[in-house]
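The block underneath contains the structure these notes are about, expressed in structure tokens.
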Amino acid sequence: MKKIGLISLALVLALGALGVAYAAWTDQVTIEGTVETGKLELTVKKYSGTWAYKNLDTSEVIVHTGWANGLDPIDGPTGNLKLTGYAVAMPGEEPDEIVVEYEGLYPGIDWKVDWLLHYEGTVPAKLWHTHPVWSGPDASAFEAITYSIPGQDPDRIGYLYGEVWWSDADGGKGQNIGVSSDPAECEFTGLQVHYCDHILMQFTLGLYQHSYSQGLEASFTSTINAIQWNKYTPPGDPPEEPPEECYWEGETAMSAGHNYPKHPWFMYTPYDGEEKTVDLLAGSDLIKVGEVTFSDPVDGWVTITIDLLPDARFDPDSDLKISVKGYTNEDDAKAQGNFPFCTWPYKGEIPDWTMTSYSFDVPAKSASGAPYLFYALHADVEREICP
């Protein structure tokens, strides 16, 4: 009987062990993901300069200002000419470097150089331009005229100031952003830019008819900087104190509708050929800042009207353009991967940022004749924030 009892106990122990093994059955769900961070990227697309020539046949002075290819003008003047002086901007040895070369300057000419900046970053940014730092034997003379305009101080050697405009891919001058005649009041400081924005910067140097303006030599360095546009506090710095007064904060706004799969808070609006009104929503929190009305088609055009709420306004630091894109089917909208609003084909150009209501027309059909069934509308706005 003892042996039987021992055997029975052994079976119990074995079955117990077997049960523990089967209690470890498992299943799993695998999570796979990708992470893509945004980027800041500011590039220079075009350069320009000013060239002065003497016509050897007529002794006439010819001044040409235009786009440059290295030291040479593109589509410059022709004839029996001798180059007597120039100011030109060109690419440097490094990708993010601009070189400005002045040679043989003399009074009576505004020596202008331009560079066309293109913001290709995916993150909205703010730009600012640092004060030029001069070096060389006559640095103090040029430092004294930096940010001065013609006639401001005629006893100095001359004047040197900058101007900034919203631009396009061809370098055309749009809305003037500011004249840097006073570094403390330069409106270029803190300029908000978005993906695909173009900014044209111009420096103008002129000399007065003084004997001490001759034979000068100096060099300068300066930088154009970009930082992500939202309130940024470097690690270790104390957080900013909230403002005590109301202030305006910039946002990207779009007409309400379906979310783009590749950018969940950007939207496109269904349109069935009849008048409809939807909300204008701003930022990732989709805050209502106004309404957008799409009219019935009239003679092949749809009138879009934006009406802003009292606590919203068009962003005065933007290019004041409304960008619209039409889709003839939803698959094309869902496939939209990036959002270069400046390349969207239909534009409304707001004449005055203080307007609270603005209307413009867009085609009701595509070039192929198919009706647009969806519209995406983008606008840069600001919301009034009151703590």
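Side notes on the structure shown:
- Ordering Thr30, Thr223 by accessible surface, largest first, gives Thr30, Thr223; the 1.4 Å probe counts only protein heavy atoms, with every chain in place.
- Pairs over the 20 Å Cα-Cα cut-off, from the set Lys276/Lys325; Lys173/Lys347; Lys46/Lys321; Lys39/Lys126; Lys112/Lys173: Lys46/Lys321.
- Accessible surface comparison of Val35, Val193, probe 1.4 Å, protein chains only, largest first: the order is Val35, Val193.
- Against the empirical curve 2.2 N^0.38 Å, the C-alpha radius of gyration of region 302-387 lands at a ratio of 1.21.
- Rg(Cα) / (2.2 N^0.38 Å) computed for the chain, rounded to two decimals: 1.47
- Protein accessible area in the chain, 1.4 Å probe - carbon and sulfur %: 52 percent
- Mean separation of Cα contacts under 8 Å (6+ apart) over length of region 248-381, as relative contact order %: 32 percent
- Counting charges near Gly79 (Lys, Arg +1; Asp, Glu -1) among other residues having Cβ under 11 Å from its Cβ returns a value of 0.
- The distance separating the Cα centre of region 198-231 from that of region 121-148 comes to 6 Å.
- Peptides ranked, highest mean first, by Cβ atoms within 10 Å: ranges 87-94, 348-355: 87-94, 348-355
- Each residue of region 64-76 is assigned a 3J(HN,Hα), and the resulting list reads 10, 10, x, 6, 10, 10, x, 7, 9, x, 8, 6, x Hz, derived from the Karplus form 6.51 cos²θ - 1.76 cosθ + 1.60 (θ = phi - 60°), x at Gly and Pro.
- Surface calculation, 1.4 Å probe, protein heavy atoms: Trp165 sits at approximately 20 Å² accessible.
The values are calculated or read from the model by the stated rules, or taken from the named source; none is laboratory data. Every value quoted in this text rests on a predicted model; they were computed, and no experiment measured them. Here Cβ is always computed from backbone atoms with ideal geometry, including for glycine, and neighbour counts include all displayed protein chains. We work out accessible area using only protein heavy atoms, side chains counted, and drop any ligands, DNA or RNA first. Shrake-Rupley method; radii C 1.70, N 1.55, O 1.52, S 1.80 Å.
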